[in-house]
Amino acid sequence: PKNLTGRNFLKLLDFTPAEIEYLLDLSRDLKRKKRAGIMGRQLEGTNIALLFEKPSTRTRCSFAVAASDEGASTEFLGKNDIQLGKKETVADTARVLGRYFDGIQFRGFEHESVEILGSEAGVPVWNGLTDKFHPTQVLADLMTLRENFGRLRDLKLVFAGDGRNNMANSLMVGSALMGVDYAITSPEELWPDDELVEECREIAEGSGAEISIGDEPAEDVTGADAIYTDVWISMGEEARMRERIELLSPYQVDREMLEQTENDDIIFLHCLPAYHNTDTEIGQKVYEEYGLEEMEVTDEVFESRHARVFDQAENRMHTIKAVMVATMT
Ligand code: CP
Ligand code: NVA
């Protein structure tokens, strides 16, 4: 087994394919155990801080439940609860929290914040999403792909939509490491940073993955095993609604796009939350202002036999548990 004790989990770029495979194997084992009603007590007596500058359903609950399953206590600290970066520096906060807690989860805006926490806290720090990366989500996505196809190598994963958000970035890194061919289909304005693409292409030389970026969805999706999308407006970008709708409407995942893959067993992935109908406040507002009933994915696809979105959501918990167990014990 790989020794990940004491390590941070800040971005997938910090890990080797063997380490990620180890985390995926551990996630699979912990999932089986939970299903069989066997709970480990591997984190007994430890305390975990959950720092959130942005809202969350899946990540927060996954950390809380995973910690409880393994016997740890959690403390939730929301954006109005602590001074992070406002009155107290991130580095000072990190050094204080590290004196109380055995592990720290951070979700926020600047990726730099989680890097500072990670270097100053003296205990494992886990990135629960920043503007740049969402690595625990990608672990759950890789786990879901592996459950579906029995392997990762040589699969083709297409990401349609905002090609430079945290999900598009992290999926590119995860795919490059694990040998998954990865294609982004997105308007050129939203293509990922050249530097990150270059870095991923170098990593991909080791795994045999191909990384491609295009703006022709009908062609880009051919031969896909899985199509992934995410919201067009990430947390913190709310003012860009009009611009994103104009840019991204041609990249909506609909039945036609699934058909263009020419793969009847294509699966559909989404990290959630998703705008696939008008049953939310924002969904309603988008309908009133722009006449759109669906955004990044149609309701038809979201509710279809192709979707694996709730398996992904469940796998967040198992993979987060694996990350905590691997880094804390
Ligand atoms: N996918 C995901 O991270 O969901 P939350 O924002 O609800 O945590
Ligand atoms: N790109 C989205 C992911 C949400 C899990 C966001 O950052 O809001």
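The values are calculated or read from the model by the stated rules, or taken from the named source; none is laboratory data. Owing to the predicted nature of the structure, the values given are computational and were not obtained by experimental measurement. Glycine gets a Cβ as well: all are built from the backbone with ideal geometry, and neighbour counts include every protein chain shown.
Do we have any residue at all in the stretch 308-316 that's more than 16 Å from ligand 1 (Cβ to nearest atom) and modelled with pLDDT of 95 or more?
no
Give me the pairs, please: first residue somewhere in the stretch 261-286 and over 22 Å from THR136 (Cβ atoms) and among the small types (Gly, Ala, Ser), second residue anywhere and within 15 Å of ligand 1 (Cβ to nearest atom) and at pLDDT 95 or above, beta-carbon distance under 9 Å, and either six or more positions apart or on two chains.
Final answer for the pair search is GLY283/TYR275; GLY283/HIS276.
Read through the list (1) away from ligand 2 (no atom under 16 Å from the Cβ); (2) under 19 Å from the mean Cα position of the chain (by Cα); (3) acidic (Asp, Glu); (4) surrounded by fewer than 16 Cβ atoms within 10 Å (Cβ to Cβ), then give the number of the only condition that ASP154 fails.
Condition not satisfied by ASP154: (2).
Residue under question is SER175, and the condition is that it be surrounded by 24 or more Cβ atoms within 10 Å (Cβ to Cβ), within 24 Å of ASN277 (Cα to Cα), modelled with pLDDT of 95 or more and polar (S, T, N, Q); does it hold?
When the stated conditions are applied, SER175 does not pass them.
Can you name every residue in the stretch 50-67 that is within 13 Å of GLN105 (Cα to Cα) and either outside any helix (DSSP H, G or I) or outside the structural domain of VAL125 (by TED's automatic domain parsing) (or both)?
LEU50, LEU51, PHE52, GLU53, LYS54, SER56, listed by residue number.
When GLU205 is evaluated against the numbered criteria (1) in the same structural domain as GLU296 (by TED's automatic domain parsing); (2) away from ligand 1 (no atom under 16 Å from the Cβ); (3) buried (at least 19 other Cβ atoms within 10 Å of the Cβ); (4) part of a helix (DSSP H, G or I), which criterion, by number, is the only one it fails?
Exception for GLU205: condition (3).
If you take the residues of the stretch 68-104 that are within 15 Å of ligand 1 (Cβ to nearest atom) and not in a loop (DSSP other than H, G, I, E, B), which of them is surrounded by the most Cβ atoms within 10 Å (Cβ to Cβ)?
THR74
Among the listed residues VAL297, VAL286, VAL323, VAL301, which satisfies the condition of being crowded, with 18+ Cβ neighbours inside 10 Å, assigned by TED's automatic domain parsing to the domain that holds GLU19 and not acidic (Asp, Glu)?
After applying the criteria, what remains is VAL323.
Among the residues of the stretch 199-221, is there at least one that is touching a Ser or Thr at 6+ places or on another chain (Cβ under 8 Å), aliphatic (A, V, I, L, M) and in contact (Cβ under 8 Å) with a residue 40 or more places away in the chain?
Yes, some residue in the stretch 199-221 is touching a Ser or Thr at 6+ places or on another chain (Cβ under 8 Å), aliphatic (A, V, I, L, M) and in contact (Cβ under 8 Å) with a residue 40 or more places away in the chain.
Which one of the conditions (1) without any contact (Cβ under 8 Å) to a residue 24 or more places away in the chain; (2) crowded, with 17+ Cβ neighbours inside 10 Å; (3) small (Gly, Ala, Ser) does ALA224 fail to meet, given that it meets all the rest?
(1)
For the stretch 64-109, what are the residues that are touching a residue at least 60 places away in the same chain (Cβ under 8 Å) and away from ligand 2 (no atom under 14 Å from the Cβ)?
VAL65, ALA66, ALA67, ASP69, GLU70, ALA72, ASP102, GLY103
Condition first: of a type in the set (Asp, Glu) and within 23 Å of THR59 (Cβ to Cβ). Now tell me which residues in the stretch 246-286 satisfy that.
Listed by number, the residues that qualify are ASP279, GLU281.
If you take the residues in the stretch 105-142 that are in a helix (DSSP H, G or I) and under 11 Å from the mean Cα position of the chain (by Cα), which one is farthest from ligand 1 (Cβ to nearest atom)?
LEU142
Residues that are within 21 Å of ARG255 (Cα to Cα) and either within 16 Å of ligand 2 (Cβ to nearest atom) or not in a helix (DSSP H, G or I) (or both): does the stretch 186-199 have at least one?
yes
Could you tell me whether LEU292 is touching a strand residue (DSSP E or B) at 6+ places or on another chain (Cβ under 7 Å), aliphatic (A, V, I, L, M), modelled with pLDDT of 95 or more and farther than 16 Å from THR57 by Cα?
When the stated conditions are applied, LEU292 does not pass them.
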